[in-house]
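Please read the structure below before turning to the comments.
The values are calculated or read from the model by the stated rules, or taken from the named source; none is laboratory data. Since the structure is predicted, the reported quantities are computational estimates derived from the model, not experimental observations. Quick reminder, even Gly has a Cβ in these numbers, built from the backbone with ideal geometry, and neighbours come from all protein chains shown.
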Amino acid sequence: MTDLIKMTGIGKSFAGIVALQDASLAIRPGEVHAIIGQNGAGKSTLIKILTGVYRRDAGDVQMNGTPLAITTPREAQDAGIATIYQELSLVPLRSVTENVVMGYEPRTRLGLIDWKAAHARTREILARFGVDVDVTRQLGSYSTAIQQLVAIARAVSLDAKLVIMDEATSSLDDQEIETLFSVVKGLKASGVAVLYISHFLNELYQICDRVTIMRDGQTVATHDVAETTKLGLVSEMLGRDASEIQAAGLTALSGGHGEPGEVLLEAKGLRSKSGLRDASFTIRKREIVGLGGLLGSGRTEAARAVFGLDALSDGQVRHHSGAALDTPAQAIALGMGFLTEDRKADGIIPHMSVRENITLALLPKLTRMGAVDRERERKLVAHYIEALQIKTSGMEQPIRELSGGNQQKVLLARWLALEPEILILDEPTRGVDVGAKFEIQSIIRKQVADGLAVLLISSEFEELVEGADRIVVLQDGRSVSELQNPGITEGALIGAIAHHHERSAA
Amino acid sequence: MTCAGFFRPGGHSFGVWVVLVAMILFGLLRYENFGGAYNISSFLNYNAMFIVISVGMCFVILTGGIDLSVGSVAAFTSVVAAYLSPYGIQVALPGAVMAGLAIGGLNAVFVVLMRIPPFIATLATMLGAKGGALVISGAQTISIDWELNFTKLGMEKAFNLLPWTIVITAVVVVGLWIVLERTSLGRTVLAIGGGEDASTMMGLNVNRAKIFVYVLSGGCGGMAGVFLASGFGAGQPLEGVGWELSAIASVVVGGTLLTGGMGSVGATVAGALLLGLVFNILNFENGRGVISLSAYWQMVIRGGFLFVVILLQSHLARRSKGATQ
Amino acid sequence: MTRTLTLMRAGFDPTRHGALCALGGILLFNLLVTPNFLHAQTLFVNISQVATIAIVAMGMTLVISTGGIDLSVGAIMALSGALAPLIFLSEFAAANPTLGLVASIIVPILVALCCGVFNGVLVSYLNVQPIVATLIFFISGRGLAQVMTNGNLQTFTNPSFSYLGTGKVLGLPFQGWLVLLIAVVLYWMVTRSVFGRQLLAVGGNERAARLSGIPVHRVKIGAYVICAGLSGLAGLIVVAINSASDAARIGNLMELDAIAAAVVGGTLLQGGRAPIFGAVLGAVIIQLVKYTLLANGIADEVALIAKAGIIIAAVYLQQARKE
């Protein structure tokens, strides 16, 4: 059988830094093919070469056995390669129809856009995915899941032979993922190949036929998914021995062993415009409280409300000191920190150095007569670079030059430097490679042992189940139940979420 | 949203229409000659150039860019038109518009090819075009012989109905409205403002659309220069100061997001008319002799007006944001 | 090593080497071509002319470093420049000369600061785009100044006030020293103070700054207020130099000069950087180009085109370096 896509010997470097070296990829017609690898392994670069965003320095790309010369995303689309990127590559301000037909609008005889036909076509395509929405409304007014499906609808409407999904599920909840998977299976059944990139190994086993593993800009291996084990894949991604990983466990959090202390913060009946309906939980000293639930259940919203970012319409957050807690500045003054989910948008200040990024929240405490106490600042920063093993050429290096995992450590240091009582961690290890993930988890656990209280949000059930001492399960903005470690299993957590689902359905 | 017409109730720009109608009603009820043919015709005739540059500016802003050079372009092309006027309007008009297109093309080169931020690039061409206008004119107004057919543009009526200036403006406005609402190019312009990277990823020809808007805006500046020269019977190298900001104000008053991605030609025209009406009504009020406000007050009132509109927009934006959550 | 790096990022930006080279080039050209360039008089003229641009450009740099822009600087100059003579020519000032003089300096600057608060509040609390927010005063500020003076030219003889623009300290124009003083204070503020760090953080990533407890609104208002205050001061200097105040002309097109100076000096339009001495250098370059062309008998108009060329070149170099 001829491969649909065959990339061989691909090389690419950026400003002298090698991103890809002799990388290869072969996709068969109508298969679901996964690419996995740590951050920086070269997955995205390889795909962007395939879709014409980047130009390769070396190597060969073939489609159905004939050489393919693609230099722009448009040419890739015209050749039948459609891409759905991690950050949605749609325009939220424009209507659903426009996002589906953009660039391929049906025309009237006068050469003008025929909006009636466009709307009809869009409705028809979306109906195939069981999506029924007002296609004339702004795309941005719909949920991420629907936006994701619109992106796929666009791909399908272009008669794609290959659909590339880059981290397509990272912002979807379970039901939405199910819908997405059925769409993927439908695509496969109609002979369309899907290239699937994901951090979640579980998903591979659900829908993928074959998997290609990348590491350090090279292709390590390609397997039939059925012949692999999760451990085997991880060890190939890391380039480490399987038994070594197994001994260490998959996460380094291991909750449920410490003795929690007094209550530091109590949230009662939180209700907000952002989607909280009745969320209550407590955070105690020396414990990790997990917030469990599907996306959109109010996890992040609860964290934001506690940190004074979103206004409450009802309920209250009671800090043990009795002080008011309405703004992030007040929260920080009370010894709270918030490591946000979106590192790029809410975390790093790209132009600033590692030093300046670490001490950002600490500034008020580093002040001497309006000026920054530079000597104390340097000592402190040096300490955290050492303690968290942040890989940097020096504290003056701009943070944007660091890898994702190290940026995350810098942000963690920003909050640890405050010596906080309570630290909110929203997806602390998302988009971080496996090695750094492990390190970040150990740091957190150590801090908790020293008395820190942590509110943990994670989409990875493993992290939550193994890491949290308690898990508060949220559903539609309400806290519905609480699980206690040791004793929580993934099944129990899923059960707790699902149980309520059934009840609310009945 | 997609097949939005000229009027878009409930949309971002609804307010501007309400205020416009209210002001017209106010004028009609309060002043005798407000609705007279002379006032309407001279009002539109004078504001035609502002309408044209505002519409061009609207396109640029929709892509998330800005064009500060339009006022200087109008000044420059008015001089060009004046120099070409002896050869007749059939040469002077296209010549001046071409000059405007050329400066727009320069903006496009700076912004699209050299990747200079639009604000800075057009700031530079603004200075350059102003300098150019002064250099070629020797810093003098270049008067045009009233005998030439060029000056008839602003006075002679097309088909014995409306002055040519107004007809041309209407054609430009309707034409560009169709381009924006009904062509792939127009939709690309809107998409770019909504997300330039996303548009590239969708395979849209982003560069072509960006080049188009800057060239278009330059051409609109050129057209305004023609109107300026014909209306005053002279090339005016010193005119055009602050026009770009009036145009931006018109676009903003029309409800177009300065960040791009949302807005319409119709609402921009309404915005331009609205700002023009402020002057018109002020003149009438002075004419009644009850109050007497110096010309300086007009600027103050315009600024105040902009302030009110901004407050309203910010209030509306907040409300609609609250509603979606 | 760390020290030079800090210096580089706070003030001595690498993109400024281009600016330094340009400065060297212009100086060399003048030495060779312009008659009487090496004259004390030349130095005085240029210092007294560049001061206002430099002062406003430094304020503009702070605003741009938050990711904003301030179009109202020229109008605010006109406002304060029109106010000052109104005050010291009033009957009150005739009765109390000293008090009148003090008031004629303090009141206009206070008014300017209020304009800055207005701009800042619009931009921060009401979330209005900076170009639009400052457009309000750009349009109406000069109108207000003209309304106050009825559009009349105010001439006066007041040596104490004129000292602002014509006085000399150690043989050099007073306003030159003023520029130096302001630059040193602002440089310290940007590089060493908490406010400076917060300013750059807000410009670098506003959401992250807010989450880190930085009072984003207050920091932004601070930047606009400082910029407006400096513009007010510049307006006074212009009036003092001419011993006359014409609301229609004070600070006309100053916003463009100030933005150009800031950009030539290495300020990134996206925000996050505030090279104060860069702004001064940018102002010097722009002034020298103007002077060079004028001194060599080239019309003022051509200077505009030259200025346009400089701006494009400066930003293009900045851009090229980034890619």
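Structure summary
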item: Any hit, segment C:224-247, residues being more than 21 Å from C:LEU178 (Cβ to Cβ), surrounded by fewer than 24 Cβ atoms within 10 Å (Cβ to Cβ) and away from chain A (no Cβ under 14 Å); result: yes
item: Residue satisfying condition, being modelled with pLDDT of 90 or more and at positive phi, within set A:GLY40, A:GLY16, A:GLY52, A:GLY9; result: A:GLY9
item: Hits in segment B:252-267 - residues which are part of a loop (DSSP other than H, G, I, E, B) and not hydrophobic (A, V, I, L, M, F, W, C); result: B:GLY254, B:GLY255, B:THR256, B:THR259, B:GLY260, B:GLY261, B:GLY263, B:SER264
item: Output for segment A:116-132, where each listed residue is touching a helix residue (DSSP H, G or I) at 6+ places or on another chain (Cβ under 8 Å), buried (at least 17 other Cβ atoms within 10 Å of the Cβ) and either more than 9 Å from chain B (Cβ to nearest Cβ) or more than 23 Å from B:GLU196 (Cα to Cα) (or both); result: A:HIS119, A:ARG121, A:THR122, A:ILE125, A:LEU126, A:PHE129, A:VAL131
item: Within segment A:388-444, considering residues that are assigned by TED's automatic domain parsing to the domain that holds A:THR359 and over 24 Å from C:GLY213 (Cα atoms), the one nearest to the chain's Cα centre (by Cα); result: A:SER403
item: Extreme residue, farthest from A:ARG304 (Cα to Cα), among residues of segment A:340-399 that are acidic (Asp, Glu) and within 7 Å of chain C (Cβ to nearest Cβ); result: A:GLU396
item: Candidate set: segment C:280-316, residues that are within 17 Å of the chain's Cα centre (by Cα) and under 20 Å from B:ALA121 (Cβ atoms); chosen: the one farthest from the other protein chains (Cβ to nearest Cβ); result: C:ILE285
item: Scan of segment A:455-494 for residues that are modelled with pLDDT under 80, small (Gly, Ala, Ser) and farther than 21 Å from A:PHE438 by Cβ, ordered by number; result: A:GLY487, A:GLY491, A:ALA492
item: Cross-chain or 6+ apart pairs with Cβ under 6 Å, segment A:475-498 first and in a loop (DSSP other than H, G, I, E, B), then buried (at least 20 other Cβ atoms within 10 Å of the Cβ); result: A:GLY477/A:LEU276; A:GLY477/A:GLY298; A:ASN485/A:GLY255; A:ASN485/A:ASP469; A:ILE488/A:VAL465
item: Scan of segment A:112-154 for residues that are free of Cβ contacts under 8 Å to residues at least 60 places away in the same chain, charged (D, E, K, R) and in a helix (DSSP H, G or I), ordered by number; result: A:LYS116, A:ARG121, A:ARG123, A:GLU124, A:ARG128
item: Meets criteria (at negative phi and not in a helix (DSSP H, G or I)) for C:LEU20; result: no
item: Which numbered condition C:LEU164 fails, given (1) over 19 Å from C:GLY100 (Cβ atoms); (2) buried (at least 19 other Cβ atoms within 10 Å of the Cβ); result: (1)
item: Complete set of residues in segment C:139-169 that are among the small types (Gly, Ala, Ser) and more than 7 Å from every other protein chain (Cβ to nearest Cβ); result: C:GLY141, C:ALA145, C:SER160, C:SER162, C:GLY165, C:GLY167
item: Check on C:GLY282, more than 27 Å from A:LEU363 (Cα to Cα) and touching a residue at least 24 places away in the same chain (Cβ under 8 Å); result: yes
item: Selection within segment A:276-328 - assigned to a loop (DSSP other than H, G, I, E, B) and touching a residue at least 60 places away in the same chain (Cβ under 8 Å); result: A:LEU276, A:ARG277, A:LYS285, A:ARG286, A:GLU287, A:GLY293, A:LEU294, A:LEU295, A:GLY296, A:SER297, A:GLY298, A:PHE307
item: Flag for B:ALA81 being touching a strand residue (DSSP E or B) at 6+ places or on another chain (Cβ under 7 Å) and within 25 Å of B:GLN236 (Cα to Cα); result: yes
item: Where A:MET63 falls short, out of the listed (1) farther than 25 Å from A:ASP224 by Cβ; (2) more than 14 Å from chain B (Cβ to nearest Cβ); (3) in contact (Cβ under 8 Å) with a residue 40 or more places away in the chain; result: (1)
item: Pair list, Cβ under 9 Å, 6 or more apart: segment A:222-236 residue under 13 Å from A:ALA34 (Cα atoms) and modelled with pLDDT of 80 or more, other residue in a strand (DSSP E or B) and among the hydroxyl-bearing types (Ser, Thr, Tyr); result: A:THR222/A:SER24; A:THR222/A:THR212; A:HIS223/A:THR212
item: Helices (runs of 4 or more DSSP H) lying entirely in segment A:330-436 (those with 3 or more residues that are free of Cβ contacts under 8 Å to residues at least 40 places away in the same chain and in contact with a Lys or Arg (Cβ under 9 Å, 6 or more places away or on another chain)); result: A:374-387
item: Residues located in segment B:239-251, provided they are part of a helix (DSSP H, G or I) and of a type in the set (A, V, I, L, M, F, W, C); result: B:TRP243, B:LEU245, B:ALA247, B:ILE248, B:ALA249, B:VAL251
item: Single condition A:VAL163 does not satisfy, out of (1) assigned to a loop (DSSP other than H, G, I, E, B); (2) in contact with a strand residue (DSSP E or B) (Cβ under 6 Å, 6 or more places away or on another chain); result: (1)
item: Matching residues, segment A:86-113, being within 20 Å of A:VAL156 (Cβ to Cβ), in contact with a strand residue (DSSP E or B) (Cβ under 9 Å, 6 or more places away or on another chain) and more than 8 Å from chain B (Cβ to nearest Cβ); result: A:GLN86, A:VAL96, A:VAL101, A:PRO106
item: Candidates B:ARG319, B:ARG302 - the one that is basic (Lys, Arg) and either under 23 Å from B:LEU25 (Cβ atoms) or at pLDDT 80 or above (or both); result: B:ARG302
item: Looking only at segment B:137-166, and only at residues there that are of a type in the set (A, V, I, L, M, F, W, C) and surrounded by fewer than 16 Cβ atoms within 10 Å (Cβ to Cβ), the one that is modelled with the highest pLDDT; result: B:ALA139
item: Residue list for segment C:189-202, filter: assigned to a helix (DSSP H, G or I) and within 8 Å of another protein chain (Cβ to nearest Cβ); result: C:ARG192, C:VAL194, C:PHE195, C:ARG197, C:GLN198, C:LEU200, C:ALA201
item: Pick from segment B:134-155, criterion within 8 Å of chain C (Cβ to nearest Cβ) and part of a helix (DSSP H, G or I), ranking: farthest from the chain's Cα centre (by Cα); result: B:VAL135
